[in-house]
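Step one of this worksheet: look at the structure below.
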Amino acid sequence: MSRFTNRLVKEKSPYLLVDWFPWGEEAFEKARRENKPIFLSVGYSTCHWCHVMEHESFENENVASVMNEYYVNVKDKLYMTYIQLTSGTGGWPMSVFLTPELNPFFGASYFPPEDQHGRPGFKTLLTRIHTLWETDPQKIKTSGESMTNQLKSYIQTKPISDKKELNPIEVADETYDHFVNSFDSVYGGFGPAPKFPTPVQLQFLIDYYMYNRQNTNKSVHAQKALDMALFTLKKIAAGGIHDHIGSGFHRYSTDKKWHIPHFEKMLYDQAQLLSLYSSAYQITGEALFANVTQDIICYVSRDLQHTSGGFYSAEDADSLPTRDSNKKLEGAFCVWEEYELIRILDPLDAHVFSIHYGCRKQGNVDSAQDPQKELVNKNVLMETGSIEDTAKTANMTPTEVIRILNSSKSKLWDYRSHVRPKPHRDEKILTSWNGLMITGLVHAYEALQDRNILQLAINAAEFIYRELYNPITHTVLRSYCQGPSDIEGFIDDYSDLIQALLDLYEATFDERWIQWAYELQEKQNDLFYDTESGGYFNVTKHDKTILVRMKEEQDGAEPSANSVSLRNLVRLASLLELPEYSSKAQSTVNAFKLSLSKFPFAIPALVAAFMLVSNGLKEIVLAGDPTDSRMREFEKIVSRVFLPNKLVALAIGHGFIAQHNSIIRQIGEQKRNVKEPTAYICENFTCGLPVYDVEQLKQKLM
């Protein structure tokens with residue numbers, strides 16, 4: 001047994017060898033009492049480079065000895081802005097050294113265990129920082145205080161007042177131009193390798209298309225925006241970043257062709273890509289997009305779903321190649337050698353399969369993409385052409401090729417899932433990421449009209465309500481792992497969940513979702529809203545362990561909480577007739593005026609939300625008997641149409657919405673005893689004439 005302890009065994013997340021403390025007063029008090037600096041490590045249990053640093057350094061007893069003797073070692077919370085501002089980079093793992101007063105004085109990302117290429121190894125770094133601390137701790141404390149003050153200044157400095165109003169058209173056009181200029185017309189996506197799916201960018205382009213497609217002056221640009229998004233989605237679906245055997249998508253591609261991924265799978269990627277492929281199918285009707293939508297649902301419902309409905313966070317990049325192995329390798333669960341294909345499939349099927357997915361005897365991974373030499377002779381599956389291309393090469397019909405590929409994928413999945421050890425699954429259920437997944441599932445239901453998909457979304461929402469929500473205080477917790485955590489929800493837990501509940505209401509017309517969304521928005525406003533300058537802080541006003549309350553507007557792997565909140569405020573303001581929410585929405589836009597005017601391409605989800613504010617909602621109010629089959633036809637038509645500014649409600653003369661919305665109450669009372677379905681389409685504070693005909697409704701929603 002190791003001599004070192006690990007206080008994180010008391011936390012509901014498995015971790016490491018060092019004497020780790022969770023973020024909290026116990027660690028802070030120890031640092032102050034012993035006058036030791038804090039080493040803060042933030043990683044993720046399925047992050048590949050986090051594992052590398054864990055294996056190389058944290059599981060090395062010599063390194064652990066230095067860490068335990070000279071430092072108070074802590075995991076949790078984020079000082080990512082410090083890393084980004086001081087090193088120019090960010091991401092996992094994150095390593096920051098803090099004074100006992102929690103001021104950061106040094107930080108970076110991954111450190112190798114030993115000195116190499118002129119760069120100090122982790123043990124050397126630990127020793128040097130300890131020496132500096134012992135020599136003059138006050139100098140380091142002063143430096144840390146200075147850095148904290150600089151961070152505060154950076155975050156809190158208000159831009160010089162500019163009375164000129166933001167022009168939403170100019171902001172959107174500048175964002176569009178940026179993506180046109182950085183678009184990879186050969187392989188899709190934007191910029192060089194590594195390539196991330198960046199759903200927020202693709203969603204902006206789709207929204208830009210929808211808002212401008214009927215504008216004669218913008219129709220060409222609108223079509224270009226859609227073409228870039230659809231082309232990228234097709235390239236991603238064909239690439240190795242897509243798990244063609246096990247379904248779902250890996251985190252990102254290390255090359256420009258979307259071929260060689262880092263193999264971890266994150267829930268938030270599946271969720272946002274699910275929304276994107278659903279929207280693409282609604283717009284185009286192309287079967288490929290529907291197939292990928294179903295593929296993602298297959299993966300998350302099979303491999304990431306808790307038995308009670310919530311969704312786990314991620315699956316690891318690394319796993320054991322065989323049950324007899326003792327060292328995990330990246331991608332081991334997903335890659336193939338040629339002899340395996342021949343052994344599992346019959347020779348003809350293996351030949352056709354190899355043509356289609358580019359498999360070779362020596363493997364298809366460029367050595368430059370395999371620095372750890374874990375993929376030698378391995379094949380990462382990637383579609384090298386169309387079904388017709390493969391049929392021509394194999395001298396077969398497309399129908400025969402499809403049959404062989406489907407049969408082969410089924411056999412390979414059976415082998416993979418029963419013979420190979422599965423990668424570690426991070427079984428934390430995060431409120432925010434589940435919110436994104438509920439939204440993705442609702443969008444998939446709208447596109448495919450499969451009520452089983454909708455039930456997955458409902459089950460996840462009910463899990464969050466049951467396990468992570470306090471109906472008395474209207475607060476949410478951050479996560480669940482074998483039970484609820486004691487960590488209060490962050491801003492994105494509220495914003496992403498509220499968005500999900502609004503989406504669920506529009507798909508079900510069950511007013512419990514809209515009432516819960518309103519309660520959460522009220523609580524979010526109380527805990528996070530900046531009453532002086534607008535927008536939302538990342539942490540609550542009660543959290544004294546964070547020295548700087550930040551307002552995040554930049555969209556990364558996920559949309560920022562302010563981007564999502566802006567959309568939520570607009571939807572709730574209209575549905576519940578809350579003018580104060582409209583004011584908060586405008587104040588949120590104003591809070592990020594500098595970013596919107598200077599670098600909107602870094603905040604595409606916020607720009608898309610700004611487009612929603614400026615274009616206004618297209619409200620569709622349905623009235624009539626919800627059980628009538630004709631009403632179901634109306635619902636399908638409305639649901640199947642993708643509109644970025646669509647808001648759908650069912651008018652009933654009583655209930656939570658009727659208490660707040662006089663128009664919906666009035667329509668509901670008028671139609672109380674009328675079975676025939678009616679639709680009202682309202683824009684710019686004006687409702688059109690009632691629509692009674694299915695075809696007429698289709699025309700008005702085009």
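The values are calculated or read from the model by the stated rules, or taken from the named source; none is laboratory data. All values reported here derive from a predicted model rather than from experimental measurement. Reconstructed Cβ throughout: ideal geometry from the backbone, glycine too, with neighbour counts over all protein chains shown. Remember, those area values only see protein heavy atoms, side chains included, never the ligands or the DNA or RNA. Shrake-Rupley method; radii C 1.70, N 1.55, O 1.52, S 1.80 Å.
Tabulated values for the structure
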item	result
Lysines whose Cα lies under 20 Å from that of Lys36, excluding same-chain neighbours fewer than 8 positions away	Lys75, Lys77, Lys123, Lys139, Lys141
Mean Cβ neighbour count within 10 Å, used as a protection proxy, ranking 606-617, 492-503, 687-698, 345-356 highest first	492-503, 606-617, 345-356, 687-698
Computed over the range 522-577: relative contact order in percent, which uses C-alpha pairs under 8 Å that are six or more apart	22
Hydrodynamic radius of the range 564-651 per Kirkwood, over alpha carbon pairs, in Å	14.6
Projected area averaged over orientations for the range 341-382, convex hull of C-alpha atoms, nm²	3.0
Summed residue charge, Cβ within 10 Å of Asn377's Cβ, Lys/Arg positive, Asp/Glu negative	+1
Packing-based order for 265-276, 333-344, using average beta carbon neighbours within 10 Å, highest first	265-276, 333-344
Percentage of interatomic Cα-Cα distances in the range 355-475 larger than 21 Å	66
Solvent-accessible area, 1.4 Å probe, carbon plus sulfur percent, for the range 168-269	50
Cα-based Lys pair tally, the range 166-276, threshold under 13 Å, eight or more apart or on separate chains	6
Size of charge dipole - the chain - debye, nearest 20, with Cβ of Lys, Arg +1 and Asp, Glu -1, no other charges	260
Mean projected area in nm² (Cα convex hull; one quarter of hull surface) for the range 468-524	4.0
Distance between the range 184-222 and the range 460-539 - C-alpha centres, whole angstrom	31
Across Lys328/Lys378; Lys551/Lys593; Lys523/Lys598, pairs whose alpha-carbon gap is larger than 20 Å	Lys523/Lys598
Estimated inter-spin distance, Gln455 and Gln666, nm [label 7 Å along Cα→Cβ]	4.1
Rel. contact order, % - alpha carbon contacts under 8 angstrom, at least six apart, the chain	10
Ranked packing of 649-657, 280-288, most packed first, by mean Cβ within 10 Å	649-657, 280-288
With DNA, RNA and ligands ignored, accessible area of Glu552 (1.4 Å probe; Å², nearest 10)	60
Cα lying deepest toward the dipole's positive end in the chain, options His244, Ala591, Leu576, charges on Cβ	Ala591
